[in-house]
Structures are given as structure tokens and as C-alpha cells.
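Okay, so here's the structure we're looking at.
Values in this text are rule-based calculations from the coordinates and carry no lab data. Keep in mind the model is a prediction, meaning the values are calculated, not measured. Reconstructed Cβ throughout: ideal geometry from the backbone, glycine too, with neighbour counts over all protein chains shown.
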Amino acid sequence: MQKIIGKNIKNIFIRMPDWVGTFVLATPVLKVIRDNFPESRISVCVRSWSKELLNNCSYINEIINYDSKSASLSYHIGFIRELKKKHFDLAIVLPGSLNSALIPYFAGVKNRVGYVGNGRRLFLNYPLVDTGDKLFTELLSKAGFKVSKDVKPELWISGEDEKYAEKIWVDYGLANTKVIGMGVGVKGESSRKWPEEYFVELINLLADNIKIVLFGSKEDEHIGKNIEEKVNKKIINFTGQTTLNQFTAFMKKLNLYVTNSTGGMHIAGLYTRVIALFVPGDEKYWAPYGNQHIIICGEADCTPCTNRKMRYCKDNKCMKSITPERVLKYVQSI
């Protein structure tokens, strides 16, 4: 298989992952590609929710919005036609779906790099075996890219987001005090969620001089409200109230983040220490980046947990086995 480096590559298409956590872990790809092709045009294809995370990224030239979940065949055909007009020389396909490999194939991209699986091999002329590298840099290395040893995930937020976070910190009296953030929701299978009442108990156990800030998506607003109503102290509830870039700016200011396994966990892990609560087995694939974090796994007789088990789990006893007292010990050790 001929290596990519050395080819006349002028126009590059990168299909980024759909999920927040995987997206964050894949960000080193952008720097590696820019370092290898400093003069080429780089277009990054994302779903609408992640576009803001790239608005301030200096490695890329264009953000292409793509609704990969659209049920409209005409939408996908129209999207492919628009890509054809851009005359891409190289496609880097990071998601594992068949759709993500089909798009650059039918758009006529000559060089298509991605992992095999889900029937994708036929549509990639650089089909590579996934060995579990979470940062996707091994994919590029196998395709001939030069990958720096110190490359790592990164995000790019504006000065406005930094100023917003600073103003909130001052307005809410969070400056010059210990602040712990808590990610109270979870995307996908609810069996991966630490019980609301456990968050309540943990907050009640913490010292009064520690400030608590709740975070989560719009879908988590009811969880944040329930916790806020049940705790015996005043806390700050920002569930559903921040953009991803504002959330990122807040993470830079925290002393600690206690969270379910979520996309927000991966953002937080770039800036502060994280105590991450996992179903057993899931942490092998989705732990936050870096070795400074604390991973707490539940225990149950049905371990390890798999996607199928999560889907049909009626009693997430593994997550319930992670007691607030156990988490408190780790919080106090930091």
C-alpha cells in the first residue's frame, strides 16, 4: 500500500466522530494532518452540535455541516454532489459507520483512509485494522503520516468564552475558593448513570466551604433541578445552560469534576482532575485522557458490561454499588 506522504495532496476532507467524547479524543488528528500538509486546504465534516468546538481551530480552513442521521436519501445524495464539486484528494474517515466511508467513496475522493469493519473495506483504499488507539493517531501513522510523540487532544475556545466564565465565577462568588463540578446526566443508556440520590448524598457529605456546580445538557435539566431541591446546602445549577465552549471555559476553572461517563467528562479531563464513574469494563475504552484522573468502577455479578447488556439492563446495580461514601474518600484525597 503506497503511503499518503509524498503524494500531491492539496484538498483534504476529514470526517470527525459524531459523539462528543470521541470527537475530543480525535482532535490530535487535526494537528497531525496540518503538520504533514502545511499548505493544503483542510475541510472538517461534523454534525451541527460540534461545529462550535472548531470555530477557533487554526489547523483547518472549512467546517462542513452534515446531518449523518438524516433519513432523507435526497439529502445524502445532495451532500455527495456538493462534496464532488470540492475535488478532494484525500479523505480521513474517523467514525466506524458504513455511511462515513460511503460518502467520500461516492464523492470521488481518490485516497480514502479509515478503519475496516461494518462492511467498509470495499470503500476504503487505505483500509486499516483498529487496534484500539483512542486518539486515532495510529491510523495516520500506519498511512504514512509523521506523528509527533507529544501530540494530544486539545480544544479551542474564544476570549469571549473565557471572559464569560470569569464573570460567572466572580458573580457567583466562586473566585478564590475550592469549586467542584458535577456532571449529573448521561447520554445514551441510562444504566450508565449514577443515581440522582447518590449525587445528593455526596453533596450533603462535602464540607460547607466547598462550592458545588452542576453541569449537564438540556436533557439533564430535570436531574439538576431534582438535586438542587433535595440537597441541604446552596449549590449552583448550570445544567442545560451552557454552550460546549462555555462549558469548556468553566472546566478550566474547576478544582475537580465528578461525573458519569459522558462527553463532558472528556472535555473536563483536558483541564482539571476528574473522578469518573463507570460501569465495569467500559473504562477500558472510554476513560478520560491522561493519567491524573481517578476511575471508579461499579461491581456486579454480570460484569463486564457490554453495549447489549447496558441496553437491556433493568437494574444498574453496578452503578448503585458505587456508594457516595466511597466517592467522598477520593474527593477528600485530592
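Give me the mean projected area, in nm² to one decimal, of the convex hull enclosing the Cα positions of the range 11-142.
7.4
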Projected onto the charge dipole of the range 1-92 (unit charges on the beta-carbon of Lys, Arg, Asp and Glu, signs +1, +1, -1, -1), the Cα from Phe13, Ser68, Phe88 with the largest positive-side position is that of Phe88
Simple spin-label estimate for Glu160/Leu122, 7 Å along Cα→Cβ, in nm, reads 4.7
Longest principal axis of the chain (C-alpha) makes with the long axis of helix 196-205 (C-alpha) an angle, in degrees to the nearest 10, of 50
Surpassing 20 Å at the alpha-carbon level, of the pairs Lys31/Lys167; Lys3/Lys110; Lys167/Lys187; Lys187/Lys284, are Lys31/Lys167; Lys167/Lys187
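Counting other Cβ atoms within 10 Å of each Cβ, which trypsin sites (Lys or Arg not before Pro) in the range 82-188 have at most 13 and sit in a DSSP loop? List each step's numbers first, then the result.
Numbers: sites: Lys84, Lys85, Lys86, Lys110, Arg112, Arg120, Arg121, Lys134, Lys142, Lys146, Lys149, Lys163, Lys167, Lys178, Lys187; in loops: Lys110, Arg120, Lys134, Lys146, Lys149, Lys178, Lys187.
For trypsin sites (Lys or Arg not before Pro) across the range 82-188 that sit outside H, G, I, E and B with at most 13 neighbouring Cβ atoms in 10 Å, the list reads Lys110, Lys146, Lys149.
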Filtering trypsin sites (Lys or Arg not before Pro) in the range 207-237 by DSSP loop and by at most 14 other Cβ atoms within 10 Å leaves Lys233, Lys234
Rounded to one decimal in nm, the spacing of the 7 Å Cα→Cβ label points at Tyr172 and Ala207 is 2.1
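To one decimal place, what Kirkwood hydrodynamic radius in Å is obtained for the chain from all pairs of distinct Cα atoms?
Numbers: mean 1/r = 0.0468 Å⁻¹.
Final number for the Kirkwood radius of the chain is 21.3 Å.
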Counting sequence-distant residues (5 or more places) and residues on other chains, those with an amide H built under 5 Å from that of Ala91 are Phe13, Asn111, Arg112, Val113
Farthest towards the positive end of the dipole of the chain, among Ala107, Asn204, Ile295 and with Cβ unit charges of +1 on Lys and Arg and -1 on Asp and Glu, lies the Cα of Ala107
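Within the chain, what's the longest run with no GluC sites (Glu not before Pro) in a DSSP loop and at most 13 other beta-carbon atoms within 10 Å? Give the range, please. Show your work: numbers first, answer last.
Numbers: sites that count: Glu39, Glu154, Glu299.
Longest run free of exposed loop sites: 155-298.
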One would report the Cα pair-distance distribution of the range 159-333, bin width 5 Å, in %, as 1, 8, 18, 22, 22, 15, 8, 3, 1, 0
Helix 159-171 sits off the longest principal axis of the Cα atoms of the chain, rounded to the nearest 10 on a 0 to 90 degree scale, by 0
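Give me the net charge of Asn111's neighbourhood, meaning all other residues with Cβ under 13 Å from the Cβ of Asn111; Lys, Arg count +1, Asp, Glu -1. Before the final figure, lay out each step's value.
Values: positive: Lys3, Lys7, Lys10, Lys110, Arg112; negative: Asp89.
Local net charge: +4.
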Simple spin-label estimate for Asn99/Ser321, 7 Å along Cα→Cβ, in nm, reads 3.6
